[in-house]
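The values are calculated or read from the model by the stated rules, or taken from the named source; none is laboratory data. Note that the structure is predicted; figures quoted are calculated from it, not measured. Reconstructed Cβ throughout: ideal geometry from the backbone, glycine too, with neighbour counts over all protein chains shown.
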Amino acid sequence: MTPHLIVSDLDGTLLGANHDLAEVTVQTLRELAALGHHVALASGRHHLDMLPFCERLGGDVHLISSNGAWTFDPAGQRRQARYLAPALARALIDLPRPPQVRLNLYRDNAWLIDDHAPGLLDLHDATGFAYQVQASPEMNEEGVGKALYIGMPDDLALIEAEARELAGEQLHITYSMAHSLEIMAAGVNKGTAVSELLDYLGLPATRCLAFGDNLNDREMLALAGEAQVMANAHPSLAQDLPESRVIGHHRDAAVALWLRERFALDR
């Protein structure tokens, strides 16, 4: 058996419409791990928010969290942590923004937000992970892996432009959804993290199967030897990655069904 690295985004990809894992997904990834394949979850989510999914998958899972700001091995040991430079984090915290835009910071052990946003918690019902409210002037600029702005696309476009003017070459700026603008240090993205994981495992990129649905998955999908884009993906993703394959919808557990066929698990 030739081992592969199977790496998937979570929301809009591996998770269903209820933001949870379907039983067929759990069973499929457990079977593949038992066969000797390596499984990784790569998400914009905080790593503490991802751990319950790893536990359901049997624990033998690599973690790439906050778009690559943190990486963990299956034993839960942190392999890498990449933070925004404190001066940049402070500038992003202080960046002018409309009152309806929520600023979020991901730190080693916490998700901070500048004001209550109960609707966001619905995305995390399956894990129970929750934010801590802290007014932005009081937020500490040390140890920030990701800054996340949540708001209307037009408002986020203005913040993005300001961030690029402020320090574009020192930042990696992307979107995980139309209303979620994500900013990490330059060079921090899922593709870089997956490349490092492949080196660690001693596997070539040709033996990497990747699944994603949004712009923060672009670098990861471009790297993978087999790139799968969800039917519900951002419209530009498949266009920008002509070698990719469009599979089914995340609400139908399409990743699991495609993997079962790819590795002939039902034969």
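Here is how the numbers come out for the structure above:
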read-out: Flag for Leu48 being of a type in the set (A, V, I, L, M, F, W, C), assigned to a loop (DSSP other than H, G, I, E, B) and under 23 Å from Gly145 (Cα atoms); value: no
read-out: Residues located in region 77-88, provided they are without any contact (Cβ under 8 Å) to a residue 12 or more places away in the chain and either touching an Asp or Glu at 6+ places or on another chain (Cβ under 7 Å) or more than 16 Å from His38 (Cβ to Cβ) (or both); value: Arg78
read-out: Single match in Val61, Val24 (criterion: under 13 Å from Val255 (Cα atoms), outside the structural domain of Thr127 (by TED's automatic domain parsing), in contact with a helix residue (DSSP H, G or I) (Cβ under 6 Å, 6 or more places away or on another chain) and touching a residue at least 24 places away in the same chain (Cβ under 8 Å)); value: Val24
read-out: Subset of region 219-245 (residues that are in a helix (DSSP H, G or I), crowded, with 20+ Cβ neighbours inside 10 Å and either at pLDDT below 95 or not aliphatic (A, V, I, L, M) (or both)); value: Glu219
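Residue-by-condition table, conditions (1) assigned by TED's automatic domain parsing to the domain that holds Val24; (2) at pLDDT 95 or above; (3) small (Gly, Ala, Ser):
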| site | (1), (2), (3) |
| --- | --- |
| Leu57 | yes, yes, no |
| Asn67 | yes, yes, no |
| Asp73 | yes, yes, no |
| Leu103 | no, yes, no |
| Asp114 | no, yes, no |
| Gly119 | no, no, yes |
| Phe129 | no, yes, no |
| Ser136 | no, yes, yes |
